[in-house]
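To start, the structure itself, in structure tokens.
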Amino acid sequence: MSKRDFYEVLGLSKGASADEIKKAYRRKAKELHPDRNADNPDAESQFKEAGEAYEILKDAEKKAAYDRYGHAAFEGGMGGGGRGPSGMGGQGDFGSAFSDIFDDLFGNMGGQRGGGGGNRAQRGNDLRYNLRVTLEEAFSGLQKTITVPTSVGCGSCNGTGAEGGSEPQTCPTCSGMGKVRAQQGFFTVERTCPTCNGMGQTIKDPCKSCHGQGRVEKEKSLSVNIPAGVETGTRIRLAGEGEAGMRGGPTGDLYLFIEVRDHELFEREGNHLFCRVPVSMAKAAMGGDIEVPTIDGGRSRVKIPAGSQSGRQMRLRAKGMPALRGGGPGDMFIEMAVETPVNLTSRQKELLREFEELASDNNPQSSSFFNSVKSFWESMKG
């Protein structure tokens, strides 16, 4: 079966320009790709036919020969030497053609084009710093100086990695792309360039201070503002305070992770604070006033109602933690813990015995509990 005219295959007229040929092949490659034409058994052969046509017409010399002699130019006796284009025995270097169109469709995703020799500087890593603060510091906010071990731009080479003001050179292996491609049958496999390790550049004379990295290890002191209301797990981003990039690349970010220490008096739940306050039996029974601490260092008087039991809570409004992202402060809850006296004297014991005899009807919880116990035992006997 005779081959179709290459211009006809791509839907072009004979005088088409190089740009028109490339655009036409791109359209055909998308239209005929086998992955998009599972129901068309002829798609793969047509796809390869378009690749063969493009391989000839994209090359100015081969195109001129084809325009003059047609297919005979590559079938022996007319300058072809019995071999097809690129030594493929007349089948066309389809892999090369597809690699070209692959470059056009996907090669610029990272901002690099083959042969561009662009700067392949890499962004520096982000850093994490765990910062512990007290509950009082979390309440009021603070400014704190921290020391971070990091990488900074090398001053000797101004971050280029090259000695004496010289400039890095475009890698000859990958032409600055940082990757090389190898043809394996139908597929093009892309790997990191072994010469420049993906940088796209090589340095003939590396800087002696940074050994070609463009950055050096150094501790950096930073003054950071911790807003009021932070809690354990709060993350604060400091843009541009991470590691310096390789060979002048952009700097990473620094992330502060906040941990609020436990407090000996207050327990925190969100924006609320809880304080457990011991109260004597006498004061819990008769009532009275107590003085309690607040997180801002102040004091508040709280009235204890007569007959209060352990676990009873009283609220102090707006005495809790401030809200980190706006809104009013939380509340503070006072939880009573009625305290039983210890190390009693003989006289104290005598008075308590007398009190117990007189107060047999003044303990409603005890009466209710033991009545329930009595009912339980009677039901078990039945």
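One residue stands out among those in segment 31-42 that are outside any loop (DSSP other than H, G, I, E, B) and either among the β-branched types (Val, Ile, Thr) or modelled with pLDDT under 80 (or both): the one that is least open to solvent (accessible area, probe 1.4 Å), which is Pro34. Does segment 43-68 hold any residues that are acidic (Asp, Glu), surrounded by 17 or more Cβ atoms within 10 Å (Cβ to Cβ) and more than 14 Å from Ala18 (Cβ to Cβ), and which are they? Correct list: Glu49, Glu52. Among the residues of segment 327-376, those identified as over 22 Å from Pro305 (Cα atoms) and hydroxyl-bearing (Ser, Thr, Tyr) are Thr345, Ser346, Ser372, Ser375.
If you filter segment 158-177 down to residues that are touching a Ser or Thr at 6+ places or on another chain (Cβ under 7 Å) and within 25 Å of Glu217 (Cβ to Cβ), you find that the one that is surrounded by the most Cβ atoms within 10 Å (Cβ to Cβ) is Pro168. In the set (1) surrounded by 11 or more Cβ atoms within 10 Å (Cβ to Cβ); (2) at pLDDT below 95; (3) of a type in the set (A, V, I, L, M); (4) out of contact with any Pro (no Cβ under 8 Å at 6 or more places or on another chain), Leu324 fails one condition alone, (4).
Applying the criterion of being surrounded by fewer than 20 Cβ atoms within 10 Å (Cβ to Cβ) and among the polar types (S, T, N, Q) to the residues of segment 141-157, the residue that is nearest to Val216 (Cα to Cα) is Ser156.
The one condition from (1) closer than 26 Å to Gly242 by Cβ; (2) in a strand (DSSP E or B) that Ser156 does not meet is (2). Considered as a group, the residues in segment 327-358 that are over 16 Å from Phe274 (Cα atoms), part of a loop (DSSP other than H, G, I, E, B) and open to solvent by less than 90 Å² (accessible area, probe 1.4 Å) include one that is modelled with the lowest pLDDT, and that residue is Gly327.
The values are calculated or read from the model by the stated rules, or taken from the named source; none is laboratory data. Worth saying up front: this structure is predicted, and the values here are computed from it rather than measured. Heads up, the Cβs are rebuilt from the backbone with ideal geometry, glycines too, and the neighbour counts pull from every protein chain shown. For the accessible areas, the whole protein counts, side chains as well, though only heavy atoms, and no ligand, DNA or RNA atoms are used. Shrake-Rupley method; radii C 1.70, N 1.55, O 1.52, S 1.80 Å.
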